[in-house]
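Novice: Before I ask anything, let me first share the structure, which is written out below as structure tokens.
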Amino acid sequence: MAALIAENFRFLSLFFKSKDVMIFNGLVALGTVGSEELFSVFAFNCPCSPARNYIYGLAAIGVPALALFLIGVILNNHTWNLVAECHKRGTKNFSAAATFLLFGSIMGRAAVAPVTWSVISLLRGEAYICALSEFIRPSSLDKFPAHHGAEVLARFPCKDVPANLTKYRDDVTRRLRYESQLFGWLLIGIVAVLIFLTKCLKHCCSPLSYRQEAYWAQYRSNEDKLFRRTAEVHSRILAANNVKQFFGFVALDKEEKELVQEFPVEGVQPSPQWNAITGVYIYRENKGFPLYSRLHKWAKGVEGNGPTPEGHEMLFLAS
């Protein structure tokens, strides 16, 4: 039981595992800020009509945030590793905590852009003012004309109001902008606290030392770069060989000719090998030696993904 509890807690290290992730999240946030600014300048146009303002204002905040969230899920490698894992091996190697935290990792990283969008929208206030101006109670405004109601209040964001209502429009705008920015700052504070707590739990629950974790992050990055570069060259040479076999010759530039001569490709890797190196990787050790990836485990000839007498159990998910 103690080992199971320790295993589950160690999965908290799913989040924010490397500086590269933090840098990437920062770039995503900056890109989202720029997109939101462009949207506000060129696209946002409050209808200033009762019942339409609310829908339009919420859509201006929520729909782009939802689209950014889905894009973040699609672009996350964990998503497709999880799909491949479930398709090829099922979830028998994952505890409930592991599955939950894996989904949490995917959702957490995908939430960077939509949270940034929502925060910037709230701090600017235009969408919030548009959505809620018609719901201001006329009785809360000092000496507001009784014959004016939601119809006029809904037009306040467009500044298309009678001159005698200008001061009320300014009061309503100021009040709603205050509320919008307050919610924006609160959202920033909540996210900052969650990130801080997650970082603390991650360092407390990690089974690896700081230096080994840094080495593992460097290994994963280098392996991914070399794998992608080698796969691109291998596929190009294989394609050249197949084209040559069909036509009798292949038109290559100087660089491609050098690649074909330097790296002869005899065939392709069988599907079992691709399946072995694809999917969610759970950190483990074999006879005291760490295995840093599925490719590393395949190269060492280690079979399976669960606990073995010679290896360590599921401890740590690769980012």
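Novice: Could you please state how large a percent of the accessible area of region 153-239 is carbon and sulfur, counting protein chains only and using a 1.4 Å probe? Before the final figure, lay out the partial values.
Specialist: Numbers: 3540 of 5640 Å².
Solvent-exposed carbon and sulfur of region 153-239 make up 63 percent of the total.
Novice: Sequence-distant or interchain residues sharing an amide H contact under 5 Å with I136, placed H: which?
Specialist: Result for I136 returns nothing.
The values are calculated or read from the model by the stated rules, or taken from the named source; none is laboratory data. Nothing here was measured: the structure is a model prediction, and the numbers come from that model. Accessible surface areas use protein heavy atoms only, side chains included; no ligands, DNA or RNA. Shrake-Rupley method; radii C 1.70, N 1.55, O 1.52, S 1.80 Å.
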